[in-house]
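These notes are about the structure you will find just below.
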Amino acid sequence: MIKPMRLHVDLKGEDAKVFQNNRDNQTFTPQQLARFERARKVYKEHLHEF
Amino acid sequence: MEPTADSIPDPIPHTELSTELLSAEHDLTCFYIGDEPGDKDLEDFIKTHALQEQEDLIGKTRVCLWNGEIVGFITLAASSIRKDNLHRRYQTVRGYPVYPCILIGRLAVAKNKRDRDIGSFLLDLAIGIAFDGPVGCMLLRVDPKENSVNFYTKAGFVPMEKEKTRNPPGLFLDIAKVKKVWCDSRLNSDHTK
């Protein structure tokens, strides 16, 4: 059974099911993947500061 | 009243931002974070405790500079997450009781520079360090303030297993998963070219 969980909002029923399924099989959106690529670029560009 | 396009400040290009390890030379007297819950604690930390904690090697703080002005900071520390605080797939695929992570101890932006992408820059830097840094780091962890949960979940952070009932919950970003998905997507992209 899918339990409600708290993340600023209470998710119940189908919403909780979708959320938990997404978490259990976590994927990343194209925007998030683009962000990770940007993050690696930012780190490499600023590596000389470390 | 809804803000107009004219009232939204332009993001500061990341190429104009730089970071330095916090030192006694940095003048923080004008650095003001705000009056929202948690802001005072963050300001107290950077002005009073961060340097000592750095000297004690508890956490290292990097100040973010723009045009010579301190506009934000991030504090990072080595940490770990117990496997029972992670999703069950971690409890079966590896035999380790804990997994290495980098803890985002503090992250803040000056109030007069909010909404200018500085927080994203600092988070990007932390993700980059976790991803490509010189030590093994499977996860990036943060214990966010309530008003910054969305900032992290938008970037792909999810709640830790045993903290789902805590408000706000501790969050983590699975860097190993990011790497796998990212590499897979690059491979798929290359195959379709």
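The values are calculated or read from the model by the stated rules, or taken from the named source; none is laboratory data. Note that the coordinates shown come from a computational prediction; the quantities given were computed from them, not determined experimentally. As a convention, Cβ positions derive from the backbone with ideal geometry for all residues, glycine included, and neighbour counts pool all protein chains shown.
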Check your understanding: In region B:130-137, is there at least one residue being among the charged types (D, E, K, R), modelled with pLDDT under 90 and farther than 19 Å from B:ASN85 by Cα?
Key -> no
Check your understanding: Do we find that B:LEU123 is more than 10 Å from chain A (Cβ to nearest Cβ), buried (at least 20 other Cβ atoms within 10 Å of the Cβ) and under 18 Å from B:ILE102 (Cβ atoms) in this structure?
Key -> no
Study note, to complete from the structure: B:LYS83 meets each of (1) surrounded by 18 or more Cβ atoms within 10 Å (Cβ to Cβ); (2) in contact with a Leu (Cβ under 9 Å, 6 or more places away or on another chain); (3) basic (Lys, Arg) with one exception, condition (2)
**Study point:** Hits in region B:97-120 - residues which are at positive phi and away from chain A (no Cβ under 14 Å)
**Key:** B:ASP115
Practice item. Considering every residue within region B:181-193, establish whether at least one is more than 9 Å from chain A (Cβ to nearest Cβ), under 19 Å from A:VAL42 (Cα atoms) and at pLDDT 90 or above. Key: no
Exercise for review: Kindly provide the set of residues from region B:67-79 that are in contact with a Ser or Thr (Cβ under 8 Å, 6 or more places away or on another chain) and under 16 Å from B:ASP115 (Cα atoms), ordered by number.
Suggested key: B:PHE73
Check your understanding: Just one of B:PHE45, B:PHE31 is in a helix (DSSP H, G or I), within 23 Å of B:ASN112 (Cα to Cα) and touching a strand residue (DSSP E or B) at 6+ places or on another chain (Cβ under 9 Å); which is it?
Key -> B:PHE45
Point to revise | Output for region B:126-156, where each listed residue is crowded, with 19+ Cβ neighbours inside 10 Å, in a loop (DSSP other than H, G, I, E, B) and within 10 Å of chain A (Cβ to nearest Cβ) | key: B:ALA155, B:GLY156
Practice item. Give the number of residues within region B:5-28 that are more than 14 Å from every other protein chain (Cβ to nearest Cβ), part of a loop (DSSP other than H, G, I, E, B) and among the hydrophobic types (A, V, I, L, M, F, W, C). Key: 3
